[in-house]
Amino acid sequence: MILRDYVAEERVDLACVTETWVWDGETVALSQLTPPGFLVLHQSRTRGRGGGVAMLIREAYSFRALPPTEITGIECVGLVLGAGESMAIWLVYRPPNAPAESLLALMEAVSGWALEHPRLIVMGDFNVHADDAASTQAADLASSMAALGLTQFVTTPTHQAGHTLDLIFAAGVIVDRITASAVPWSDHLALKARLSVPLQPCLGGEHILACPQSVMDPSRLLIALRDPRPPGSSLDELVEDWHGRLFEAIDEIAPRRPLLPRVRSAPWYTQGLRQQKRELRRLERRWRRTRDEASRTSYRTLMKAYEMAVKAAKKEYYAAEIAYQMAIATCFAGSTWYCILVVWCFKYGVRTDTIFMKVQQHQHCHTALIQMPPEVIHATSTKRENGSVVTEFIFTGFSCYPDLQILLFVVFSIMYLAILAGNIIIITTIRRDSSLHIPMYFFLSVLSSSEMCYTLVIIPSMLVNLLQKMATISFIACAIQMYTFLGFGGTNCLLLTVMGYDRYVSICRPLHYPVVMNQRLCTELVVFSATTGFLFSVFDSVFIFTLPFCGPNKINHFFCDLAPLLELACARNYVGEIILVLLCILVIFVSFFLVLLSYLFILNTILKIPTTDGKRKAFSTCASHLIVVVVHFGCASIIYLRPQSRYTLNEDIFISVTYTLVTPLLNPVIYSLRNKDVQVALKKSLGRSTCTQKM
């Protein structure tokens, strides 16, 4: 109750408590610990008595709890505060009797936290005497934290004996107004501090006034700007006239709203530098652990190489920026409109490349607005080729399960081998047995071939990526993967529709079946299915990969699919997206509707059969196909026909694994290997092979 009163009186928003002495399941104690209007995050000690750490945070704040981290001899609890440019806060308690290696284990964990969260706070009772200049533990802790970019802010005693044991380390966060006061429930002093996040100022020190892009009509904007007004005599008056006319037009079409931009602090910081920095931290930890000269030499050598690489990356990035701006200046040299636009951009904090990229997106604006020559488009393309465009993608689909990747590799490998074996057995059996040379099994063999190609596009690369620390794919390879995957996926949808039509003719028009389903028609249906599926795939792939990709390049999936790539695009083509949805509806919904229509006629015919055995036999020929249809079209509908706002990584990975691995694995079992005709033909083939070996 004393703690609850203290939190209420001090009006704190986040209270961190160590040594709670609360064990798992003690809900009454936790409720007594939590003041009204607060939520509690608690981590109890796993072994022995005492310990425990807790965070009390106001309900009004947006936060999420971080998964618990096991650190030798350390108790900790963490959360991420805010959304977007968020801040991670970890509360740490190191008991006085903690083993010596606990600080090293803590630094291992902090290095991972610092990589994941640029804005990080690590605070708590470290039980190291930061006030003692001769303490090696305190010196090692401070130097290790400084190497990770974290600064220690507590300078006053935090214990009644005059020691400084409770520390606050922070990176990307301002910690000030630190005060220490005695409390009746502990021999430690209560630290109170203000945490604030430094904001990147916009040019001019103001928020950007932005209008919603969805309601911005470029043609209306051009009409509003085309209204002639007598310009001033000087360049400053022309700029002011342009500025006033532009924002009057914007306010009329789409009223602006204040927006704090998210500024990327280091656009030159590449993935290679990030990987090099991880290796540098690994060598630093090894040197601090072993203290041998070889580790120190390796660390210092890589440190020099890293510093040189950072300088080179900065030089390359800013050289490309300067060259791009000079290219634009060359294109518009001598143009009055260019002078007005450039002065306006620099005066009001607008990037010139943003202006020209927007004009490039609406090429009909060239003659109406500023008479943009073709060289500007070339300059924009050159700039993207010099480093702004994405050249490779990184798969992060299974990165959230690092401990399960080896297990997933083994399980998926077994499933993939089973898929290949089952489909090869089906194709070989149908090909060798003349009694199976009928349309039904011809379509089955084609479907099995398509399924093998379908999985061959995805599964091998996924298995390789599971064994790598960073799963990457080039831009071209990603386009090829999506094109072939969607092509075979569309082919499978249409093949299932054709097989439904085959079942309809076989059951509803049995006397006409040999005439209607002749070899020529079957071949034409297969060719039509493959051609149509890949034509749809061509449009989908061209639409996706003509969108600009300028970062980030992390695909929240394990292969290149439509929704994750649309999330990464820097611009939107709403007309193209509508056409894309219509094509998906055409392939998935229309195919499923035709299959459903076929089965309605089949059901009507089966109900007219007088005998029970006849009905059972007719149903048995359709049941397997119907199961495959429901699973295949159900997964495809969930992935490709739902709103993009409902895109979630975990659900999509589960569904994608279902239709890329589980469905192709079940097809040979539930569709063919349980078929009596296929079983008899398979036994004949095996018997024939055995006889041949004996002879």
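The values are calculated or read from the model by the stated rules, or taken from the named source; none is laboratory data. Everything numeric in this text was worked out from a predicted model, so none of it was measured. We work out accessible area using only protein heavy atoms, side chains counted, and drop any ligands, DNA or RNA first. Shrake-Rupley method; radii C 1.70, N 1.55, O 1.52, S 1.80 Å.
Using a probe of 1.4 Å on the protein chains alone, the accessible area found for residue 318 is around 110 Å². Distant-in-sequence amide contacts of residue 555, defined by a placed amide H-H separation under 5 Å and a gap of 5 or more residues or a different chain, comprise 394, 395, 396. Per the Kirkwood formula applied to alpha carbons, region 437-596 shows a radius of gyration over Rh ratio, Rg over Rh, of 1.06.
Sorted largest first by accessible area at a 1.4 angstrom probe radius, with every protein chain in place, the residues 270, 658 fall in the order 270, 658.
The phi torsions of region 454-469, fed into the Karplus equation with coefficients 6.51, -1.76 and 1.60 and a -60° offset, translate into couplings of 4, 6, 4, 6, 9, 5, x, 5, 5, 5, 5, 5, 5, 9, 9, 5 Hz, rounded to whole numbers, with Gly and Pro shown as x.
Karplus-derived 3J(HN,Hα) values for region 146-153, using 6.51 cos²θ - 1.76 cosθ + 1.60 with θ = phi - 60°, are 5, 5, 8, x, 9, 10, 8, 10 Hz; glycine and proline are entered as x. Accessible surface comparison of 509, 11, probe 1.4 Å, protein chains only, largest first: the order is 11, 509. Classified by the C-alpha gyration tensor, region 72-138 has a prolate form. Its axis ratio a/c, with a ≥ b ≥ c, is 1.5 or above, and a/b is larger than b/c.
The Rg/Rh ratio of region 108-167, with Rg taken over Cα atoms and Rh as the Kirkwood radius over Cα pairs, comes to 0.99. In the structure shown, the pairs 608/684; 615/683; 192/304; 304/469; 192/311 are assessed against 31 Å; a Cα-Cα span above that value is assigned to 608/684; 192/304; 192/311.
Scalar couplings 3J(HN,Hα) for region 175-192, obtained by applying the Karplus form with A = 6.51, B = -1.76, C = 1.60 to θ = phi - 60°, are 10, 9, 6, 7, 10, 10, 9, 6, 10, x, 9, 8, 7, 8, 7, 7, 8, 10 Hz; x denotes Gly and Pro.
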